[in-house]
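**Student:** Below is a structure I'd like to ask you about.
The values are calculated or read from the model by the stated rules, or taken from the named source; none is laboratory data. Not measured: the values here are computed from a predicted model. Methodologically, a virtual Cβ is constructed for each residue, glycine included, from the backbone with ideal geometry; neighbour enumeration extends over all protein chains shown.
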Amino acid sequence: MSSIDSLRGVEQAVVNLQQQIDDLAQSDMDPTQKMMRMQNLYLQMQQVMMMEQQIYQAISTIMKARHDSATNAIRNIR
């Protein structure tokens, strides 16, 4: 799975969680159950955001390595 596909998956997960949060906010569920479900959804959102951060960090590391390699190659030409 490519990084782009991973980011699309994360984006879709965020949209799905946001929809569930919106639906829950409008429901007439017992307040205690509602609060527990909301906390669960926010925890899931936090986990998705951590995955997104890890993906961006991996991409950043790869891009830095490519840049450093190119920079060193140019320096060696001189």
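**Student:** Which ones in region 14-48 are within 22 Å of SER60 (Cα to Cα) and either modelled with pLDDT under 90 or not in a helix (DSSP H, G or I) (or both)?
**Tutor:** Once the filter is applied, which keeps residues that are within 22 Å of SER60 (Cα to Cα) and either modelled with pLDDT under 90 or not in a helix (DSSP H, G or I) (or both), region 14-48 yields only VAL14.
**Student:** Of the residues that sit in region 18-65 and are without any contact (Cβ under 8 Å) to a residue 40 or more places away in the chain and small (Gly, Ala, Ser), which one is nearest to ILE4 (Cα to Cα)?
**Tutor:** Looking at residues that are without any contact (Cβ under 8 Å) to a residue 40 or more places away in the chain and small (Gly, Ala, Ser), I get SER60.
**Student:** Let me ask something additional. Considering only residues of region 6-55 that are under 16 Å from the mean Cα position of the chain (by Cα) and of a type in the set (Ser, Thr, Tyr), which is surrounded by the fewest Cβ atoms within 10 Å (Cβ to Cβ)?
**Tutor:** It comes out as TYR42.
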